[in-house]
Each structure stands twice: as structure tokens, then as C-alpha cells.
Amino acid sequence: MNLLEEGTWAEWGKIFIDNFIGTTANASQCRINNTDDIHFRFYKKSRRLVAYSDKPIDIENSALGYIIHYQLEDFEADFENGSVVFLGYSLFEEMAGKEKLIERWEKSRKKAYEGSVMHFMRGIYQNRLQEEGFETRYLYHRDNTEKRRVMGIYQPYNRREINGQLVVEFNPAANKNLPKDSVNYYQSVLRQPNILNTTGTALLAADSLRVKKETGQITILLRDDIQVIYRRQKEEPGFARLNPNMSAGNYRLSFVTALGDKMYTIDPSGNYADPRAFFTGGYWGWSEKMANGLPLEYTPERE
């Protein structure tokens, strides 16, 4: 049994584009000029897709006015748990254009920057999270014990997943003696997630996360996962359309799962380490792709 398949661009190119370039409004104005250099391996047993390239990936971003040469070090889409990780090194070149086009690019870059992970990290470094429009709280997870209890009473006969959400269908004959009010309650409980999330009441200030400050960098500690709301821009319509279960329908709502030792170093540009241990979801999980990428030296013009 062959557990590894070499894949082609025709098979996996769209999945790669959606998860590397993205599906934001800016993504529609991006293209990869050397797709032939990108290769794929699919691991059947673990349901993982790995992409690799021996040459830098050349990206033309007409939305932000950059040519990006991206040295891909790692790309893995894990279909089992619905996660994607990609890492690499970017070299940005400014595209040439007339004055009006350059002005449009500058506005688009500022929009891509505002509310981004780069903006957030700079807010932490400068101790200006709330002043920059971020509301940050600790995010706690607990097992949905009521759902487990109800599953022992109300007998399902089929479970399936739709858009990443568990859907439970029921056998009426097995539950015919239950009161209607109880049935309605059980069905509402079984539509809930297996893990319930709650947030802390207190807003986190950047200095409450800092544990060390050195020349040119700070170190922060995340004791738990965090929820981040950016209140100066609302969601792009495309996010709600493609991610209805994650959409808050209003301001940009993201979360961060802190892996490893939960210690991160941040420099003034917003660059942080280790990116492998900083897993984003919600709005950032959708928006933080190459179509919205900016060079570390980018500074927005102040109005």
C-alpha cells in the first residue's frame, strides 16, 4: 500500500493558493509566476499535504504593489485537524507605477497593516495595544459536560461533519418516550461545540504580558490562549461568506493558541519568535496570508 503520493499543481494548486496566498480581496490581485517550481506530497494515512520548492516562489501582488520572492521552508496542510502552517523568508521589491497607483497602493498597504499580527506585535512592543484599537483577553477552554450527559440520554444514530461542525442526527423511534420539551432541549445542547470557550473579564495590557526587556527586543509570556478583537475595521465580507462558523459578523475577532513554552521575543518591527509556536485562528487564521503580507520595514503613514 502506497501511503505517499507525489502530487501535481492541477491536483493541489488551488488548495495551495487558498492557504498560502489567501482568499481575501487582495488575493484576487496576486499571482505566482513560477508554479512549475512548486511540488507536492500527500500522506494518505495522516491526511497531510506538504508543498516544497527548491527555488524562491515569485509572487506578483498588484493589490499592494510588491514583487515578493519567498523562500518556502515549510508548508503543511493537515486535513485531519483543519490546520495549515507555512514558514519562509520574504524579499519584497516595490513595483513601479504612476503617482495615483502608488497612492492607491499606500492606502491598500495601510488597510492590510491595520489589525494585522504585525500591527498587534508592534502594539505589544510599544505598550499601546488599546491605543492601537486592540482588545485582548485570555481565552479559556472547558469541556462541554452537559453535551456529554445529553449524548448518553438522547441516542444518535448518525454523525457527520459539515463545514467543520459536528452534526448529529437522531433516531425518532429510540427516543419516542421522551417529552417534546426535553427533545427540543437535547437537540439544542447537541448542536453546541464539544469545547466551550470563555474569555476573561479584564483587558490585557501589553506590560502585563512582558517578562523581560532587553536592547532591541522584549520577551512576553502567554499563560493561556488569547482572544483579540480589532475594533477599527470590520470583517471583510469574504470572511463571513467562507467562514460562517467563525464570523462574529462585526469587528475582527481572532484568537491565538500559544504552543511550546509560551514565551515569545518581539522586536520593534513586530517580528517575533518562534512563529511555529504561535497558532492563529478566527479572522487572523483567514487573513494572515501572503496577499496581505508586508515587509518588516513597512511603516504606515500617519494621518
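Please treat every number below as a calculation from the coordinates, not as lab data. Remember, predicted model here, so these are calculated numbers, not experimental data. Here the Cβ is made from the backbone with ideal geometry for all residues, glycine too, and neighbour counts use every protein chain on show.
Going by how many other Cβ atoms sit within 10 Å of their own, how do Met118, Met246, Met263 line up, fewest first?
Least to most surrounded, the residues fall as Met263, Met246, Met118.
Computed log10 I(q)/I(0) for the chain at 0.09, 0.10, 0.12 Å⁻¹: -0.55, -0.67, -0.93, from the Debye equation with unit scatterers placed on every C-alpha and solvent omitted.
Arrange the following residues from fewest to most other Cβ atoms within 10 Å of their Cβ: His119, His141. Let's see the in-between values first.
Working: His119 19, His141 12.
By the 10 Å Cβ count, ascending: His141, His119.
Distances between placed amide hydrogens fall under 5 Å for Tyr66 paired with Asn61, Met95, all partners being 5 or more residues away or on another chain.
In terms of the Cα gyration tensor, with a ≥ b ≥ c the square roots of its eigenvalues, is segment 195-303 rounded because a/c is under 1.5, prolate because a/b exceeds b/c, or oblate? Oblate.
The alpha carbon radius of gyration of segment 1-113, expressed as a multiple of 2.2 N^0.38 Å, is 1.20.
Roughly how many whole Å is it from the C-alpha centroid of segment 232-303 to that of segment 14-59? Taking the Cα centre of each part, segment 232-303 and segment 14-59 sit 19 Å apart. Distance between the modelled labels on Asp261 and Glu11, one decimal in nanometres: 4.0 nm (7 Å Cα→Cβ projection). The angle between the Cα long axis of helix 99-113 and the main principal axis of the chain comes to about 40°, on a 0 to 90 degree scale. Footprinting exposure proxy ranking of Thr201, Thr215, fewest other C-beta atoms within 10 angstrom first, gives Thr215, Thr201. 3J(HN,Hα) along segment 49-54: 10, 10, 10, 8, 8, 7 Hz, from the Karplus curve 6.51 cos²θ - 1.76 cosθ + 1.60 with θ = phi - 60°, whole Hz, x for Gly and Pro. Measuring nothing but how far apart in sequence close Cα pairs (under 8 Å, 6+ apart) lie, relative to its length, the chain scores a relative contact order of 19 percent. Under 5 Å between amide hydrogens, built in the peptide plane, is the criterion, and for Leu129 it picks out Ala206 among residues at least 5 positions away or on other chains.
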